[in-house]
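A short write-up of the structure that comes next.
What follows draws every value from the coordinates through simple rules; no lab data is involved. What you are looking at is a predicted structure, and each value in this text was computed from that prediction instead of being measured. A quick note on method: Cβ atoms are made from the backbone with ideal geometry, for glycine too, and the neighbour counts reach across all protein chains shown.
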Amino acid sequence: MAMFMVHMTHPAETCYLFNEENKKKLKELSSKKEEIAQKHEIKVISAVYPPLEHEIFYVVEAPSFKNVERYIKDMGFAFYNKVKIRHVKNMEESLTRL
């Protein structure tokens, strides 16, 4: 499977930490995260965020860009974030091939 990095950013006013409506929606959808990942054939490698910077980073394996896009939408991230999805390679693996 291909690897993708998803970089999401949002303004403070839409952040689930400060916006109760978004918090409620995200909490509901996140309870289904395994089901949503399975539906779109997504393996989450890492999901991190720098506290108070209003950014979220996901690294996932998926069969296609479209699968990642659908996963992000179904997880509810697209409704309050600007989303950038990039195909990436594993740097550690690349270094071993030098």
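Only alpha carbons enter this Debye calculation for segment 2-96, each as an equal point scatterer, and the log10 of I(q)/I(0) it gives at q = 0.11, 0.12, 0.19, 0.20 Å⁻¹ is -0.32, -0.38, -0.90, -0.99.
Phi angles of segment 16-26 translate, via the Karplus equation with coefficients 6.51, -1.76, 1.60 and θ = phi - 60°, into HN-Hα couplings of 4, 5, 10, 10, 4, 4, 5, 4, 4, 5, 5 Hz per residue; Gly and Pro are given as x.
Once you charge only the Cβ atoms, +1 for Lys and Arg and -1 for Asp and Glu, what is the size of the charge dipole of segment 2-96 about its Cα centre, to the nearest 20 debye?
Values: 15 positive and 14 negative charges, 53 e Å.
Dipole about the Cα centre, nearest 20: 260 debye.
Given Lys24/Lys73; Lys24/Lys66; Lys23/Lys66; Lys27/Lys84, which pairs have Cα atoms separated by over 19 Å? Intermediate values should be presented prior to the final figure.
Values: Lys24/Lys73 16 Å; Lys24/Lys66 26 Å; Lys23/Lys66 26 Å; Lys27/Lys84 22 Å.
Pairs exceeding 19 Å: Lys24/Lys66; Lys23/Lys66; Lys27/Lys84.
Which log10 I(q)/I(0) values does segment 15-56 give at q = 0.29, 0.33 Å⁻¹ under the Debye formula, counting every alpha carbon as one identical point scatterer? Values returned for q = 0.29, 0.33 Å⁻¹ are -1.03, -1.04.
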